[in-house]
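In what follows, a single structure is set out as C-alpha cells and then discussed.
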Amino acid sequence: MRQIDIDPYENTPRDAVVTASDYHAGQHFPRHSHQRGQFALAASGVITLFTDAGNWVVPPQRAVWVPAGVPHEMQMSGPVTMLNTYIRPPAATALKLPARCQVFGVSELLRQLLLRAMNIPALYAEDSHDGHLMTLLLHEIAAMAPLSLNAPLPDEPRLAKACQRLLAQPSLEIGIDCMAREVNMSRRTFTRLFRQETGISFVEWRQQACLLAAVARLGEGEAITRVATDLGYSSPSAFSSVFRRVLGDAPSRYFPKQAV
C-alpha cells in the first residue's frame with residue numbers, strides 16, 4: 001500500500017493536531033492509511049471516501065471519521081477545503097469514537113473550535129489555554145450526530161461485484177429481480193443474503209448509493225434537476241424530499257449556488 005505524507009504529525013506527542021489544506025476539483029488520494037484517526041471536515045466542497053467496507057460521501061460543512069490504520073482513498077468533488085483533526089488511537093478509544101468509518105454532522109461550536117485550533121502549535125502545552133481548547137474540541141467531536149451517508153459493501157463475492165457495478169452507475173430503476181438475476185440467485189435468497197451481509201435491505205442500500213452519487217455530482221456543480229432525473233427519481237421534489245429526510249435539509253441549503 002502506498003504511503004502518502006499528508007499527516008506530518010503522526011508522531012507528535014499530543015492527542016490531537018489540526019491542519020488545513022486546499023485541494024482542486026477532481027484531486028484524488030490513492031489508497032493509504034494513517035497511524036492516527038482522521039476527522040476530516042469538508043469546510044467547502046464534497047469528499048468521497050472509499051474503503052474495502054464501502055463508500056462514504058461528505059457534503060459541505062460535514063465531516064468523516066477514519067479510524068487509525070484503515071486503508072482508504074479520497075476523491076474531491078469541486079474545490080475542497082479540508083480541516084483535519086488527527087487523533088491518537090488511545091484518545092479515540094477513550095472518546096468512544098467508532099471503530100469504523102462514519103460521516104458526522106458538525107456543530108457551529110465545533111466549526112469555531114477547528115478554526116481556532118488551526119493556529120495552535122502542534123506541541124501546545126497540555127495544561128495551557130490551548131491545551132484545554134484542544135480537549136474541548138475532542139469532546140465536541142465525540143458528541144456529533146452520525147449521518148447515513150454510507151453504502152456498505154458485502155463480503156460475498158457475487159454481491160460485492162454487483163454492488164460495485166451499481167455504485168459506478170447508480171439508479172433507482174435497478175430492481176431486486178434484476179440484481180438477483182445478475183448474481184444468479186432467487187429473489188428470496190438475494191434479499192435474505194443482502195440484508196445479512198450489509199445490515200440493510202437492498203432498497204435502502206440502493207437509495208444510499210443514489211444519494212452518495214447525488215451529493216458528489218452536486219458538489220461538482222451539476223443541476224439538481226439533471227441529477228434527480230439521471231438517478232431515476234420521479235421528480236426534483238421527490239429527490240429533495242429524500243435528501244431532506246436523510247440529511248435534514250434540502251439540497252439547495254447544502255449547495256446554495258446550485259441551479260435547479
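A short reminder: the numbers here are calculations on the coordinates, not readings from a lab. This one's a predicted model, so the numbers in the text were calculated from it and none came from an experiment. Methodologically, a virtual Cβ is constructed for each residue, glycine included, from the backbone with ideal geometry; neighbour enumeration extends over all protein chains shown.
Across all Cα atoms of region 151-254, the radius of gyration (one decimal) and Dmax (whole number) stand at 14.2, 42 Å. The fraction of Cα-Cα pairs per 10 angstrom bin, counted from 0 for the chain, comes to 7, 29, 33, 21, 8, 2, 0 percent, rounded to whole percents.
I'd like to verify something in the chain: which complete DSSP H helices, judged by Cα projection on the helix axis, reach 18 Å or more and average at least -0.5 on the Kyte-Doolittle scale?
Numbers: long enough: 129-142 (20 Å, 0.41); 202-219 (26 Å, 0.64).
What comes out of the filter, once short or polar helices are dropped, is 129-142, 202-219.
All other residues whose Cβ lies under 12 angstrom from that of PHE239 are scored, Lys and Arg at +1 and Asp and Glu at -1, for a net of +3.
Net charge around ALA151, counting only other residues with Cβ within less than 12 Å of its Cβ (Lys, Arg = +1; Asp, Glu = -1)? Summing Lys and Arg as +1 and Asp and Glu as -1 gives 0.
Highest first, please rank the peptides 174-184, 221-231 by the mean number of other Cβ atoms sitting within 10 Å of their residues. Walk me through the numbers before you get to the answer.
Numbers: 174-184: 15.3, 221-231: 17.3.
Descending packing order for the listed peptides: 221-231, 174-184.
Could you estimate the translational diffusion coefficient of region 60-199 from the Stokes-Einstein equation, with Rh from the Kirkwood formula over C-alpha pairs, at 4 °C and 1.567 mPa s, in whole µm²/s? Answer from the Stokes-Einstein relation: 71 µm²/s. Computed over region 1-126, the range of Cα coordinates on each principal axis works out to 38, 30, 25 Å, biggest value leading.
Overall, the chain carries a charge dipole of about 780 debye about its Cα centre when +1 sits on the Cβ of Lys and Arg and -1 on the Cβ of Asp and Glu, all other atoms neutral.
Per the Debye calculation on region 13-57 with a single equal scatterer at every Cα and no solvent contribution, log₁₀ I(q)/I(0) for q = 0.17 Å⁻¹ amounts to -0.64.
Given Cα pairs under 8 Å that are at least 6 residues apart, what percent is the relative contact order of the chain? Spell out each step's value before the answer.
Working: 462 pairs, mean separation 47.4, N = 260.
Relative CO of the chain lands at 18 percent.
Electrostatic bookkeeping for GLY105 treats Lys and Arg as +1 and Asp and Glu as -1; over the other residues with beta carbon under 13 Å from its beta carbon, the sum is -1.
For region 174-240, what is the relative contact order in percent, using Cα pairs closer than 8 Å and at least 6 residues apart in sequence? Display every interim value, and only then the final one.
Details: 32 pairs, mean separation 10.7, N = 67.
For region 174-240, the relative contact order is 16 percent.
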